[in-house]
Amino acid sequence: MTDKTLYIAGFRLRATDALILFTLSLFSVLALLFHSSVQGWWMLIIKNVGTAVVYLALVFASEKMTRKFPRFLLRVAAVTLAYAYLFGAVDKLQLILQGQWMDEYVMDAEQYIFGVQPTLWLQHITTPPLTEWMMFAYVIYVPMYPILCGIIYYLRGDVAMEDYLFTLGFTNILCDIGFILFPVAGPMATIGNLYSVPLKGYVFTFFGELMRSNVHFIGGNIPSPHTAAATIMWVMAYRYHRPSFYILTPVVLSLYVSTFYLRYHFVTDAVVGIIVAFLALLVVPFLIKAWDRFAEKPTNAPTTH
């Protein structure tokens, strides 16, 4: 990763910041170009601009912090909330190219490969304890995101944290683009009426269903952002804090299965998510090299006249 930054209008921007601002701009341009297919396109653009302004304000505030923890907290909050916003913002853009959901192609492929619909077949082994474990693996992804970031930051420093944040962000954005290129509504939206065994569990099942009903939207399936981001976290743990890697191993492997066991995704979504994560890991070094050609080191602050 790089320690170089770019100064624009007094703002010190890192590669992660540029990635977020570029994606907000891209989504706004797509909303404008395909406005006839985007419901509330003008509001989406206004929200994107507002998000950019708030994000820059948080970036500016974090740079002014002298104490380590507040600086870390503001930085992680700004980046994490921006990625969460982008995930929601792409919802309105999913059908601008294809104009319809592509679930039938995924289900036909899985029927051909497995001889069954995997998410339906898994009802044979569905039990409350297994569902609870799968929900734990699925839900723990949320706190795992900032906790691992904190471990990396405090043990390996600012540059390592930016490596983590940028790679996660680029992976998430590849997933967002995937939602537009090949929109899939998902198992519950497509064949939800065919499930006869309810997903009963306990505490984590409650939180998982809360996420399903309040955070998730129709679509956002292929590539699976859960498997993609979890793979990046796992690799980053191996790179920067090996004990975390070993602790996360059973959780991440279970998370892969949980995405389709819990009917959030098809098997294909999960597999493509993992592939996208490794693709991101291959591409990120080249993006950082390109960034370095335009950015300057933090010590080279702009001069005033």
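Coordinate-derived values only; no laboratory data. All values reported here derive from a predicted model rather than from experimental measurement. Every residue, glycine as well, gets a Cβ built from its backbone with ideal geometry; the counts of neighbours run over all protein chains shown.
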TODO: Express the C-alpha Rg of segment 211-266 as a ratio against the empirical globular expectation 2.2 N^0.38 Å, rounded to two decimals.
DONE: 1.25
- [ ] Find out how many positive minus negative residues lie around THR126, taking Lys and Arg as positive, Asp and Glu as negative, among other residues whose Cβ is under 13 Å from that of THR126.
- [x] +1
Open item on the list: Here is the link list: LYS4/LYS92; LYS64/LYS289; LYS4/LYS47. Which ones come out longer than 31 Å on Cα distance?
Closed with: LYS4/LYS92
Open item on the list: I need the Debye-formula profile for segment 111-180: one equal scatterer per C-alpha, no solvent, reported as log10 I(q)/I(0) at q = 0.17 1/Å, two decimals.
Closed with: -0.87
Open item on the list: Is there a quick way to get the dipole size of segment 6-294? I mean about its Cα centre, with the Cβ of Lys and Arg at +1 and of Asp and Glu at -1; what is the value in debye to the nearest 20?
Closed with: 1020
Open item on the list: Relative to 2.2 N^0.38 Å, what does the C-alpha radius of gyration of segment 155-231 come to as a ratio? Two decimals please.
Closed with: 1.40
Task: Leading residue at positive end of dipole, the chain (Cβ point charges), from VAL251, TYR264, VAL284 - done: VAL284
Task: Largest to smallest principal axis extent of the C-alpha atoms in segment 6-294, angstrom - done: 58, 50, 33
Open item on the list: I'd like to compare 99-110, 61-72, 262-273, 145-156: which one has the highest average count of other Cβ atoms within 10 Å, and what's the full order after that?
Closed with: 262-273, 145-156, 99-110, 61-72
Open item on the list: Along its three principal axes, how long is segment 2-79 when you only count alpha carbons? Whole Å, largest extent first please.
Closed with: 48, 21, 20
Task: Candidates TRP121, TRP133, TRP291, ranked by Gaussian network fluctuation over the chain, Cα under 10 Å, top entry - done: TRP121
Task: Relative packing of peptides 90-98, 193-201 - highest average C-beta neighbours within 10 Å first - done: 90-98, 193-201
TODO: Please compute the net charge surrounding MET43, taking Lys and Arg as +1 and Asp and Glu as -1 over other residues with Cβ under 14 Å from its Cβ.
DONE: +1
TODO: Would you work out which of ALA230, PHE182, TYR7 lies farthest towards the positive end of the dipole of the chain, given +1 charges on the beta-carbon of Lys and Arg and -1 on that of Asp and Glu, about the Cα centre?
DONE: TYR7
- [ ] Taking the convex hull of the Cα atoms, report for segment 149-300 its projected area averaged over all directions, in nm².
- [x] 11.0
TODO: Would you mind calculating the relative contact order of the chain from Cα pairs under 8 angstrom and at least 6 residues apart, reporting the percent as a whole number?
DONE: 26
Task: For segment 74-185, size of Cβ-based charge dipole, Lys and Arg +1, Asp and Glu -1, in debye - done: 320
Open item on the list: If you average 1/r across every pair of different Cα atoms in segment 200-240 and take the reciprocal, what Kirkwood value do you get, in Å?
Closed with: 12.2
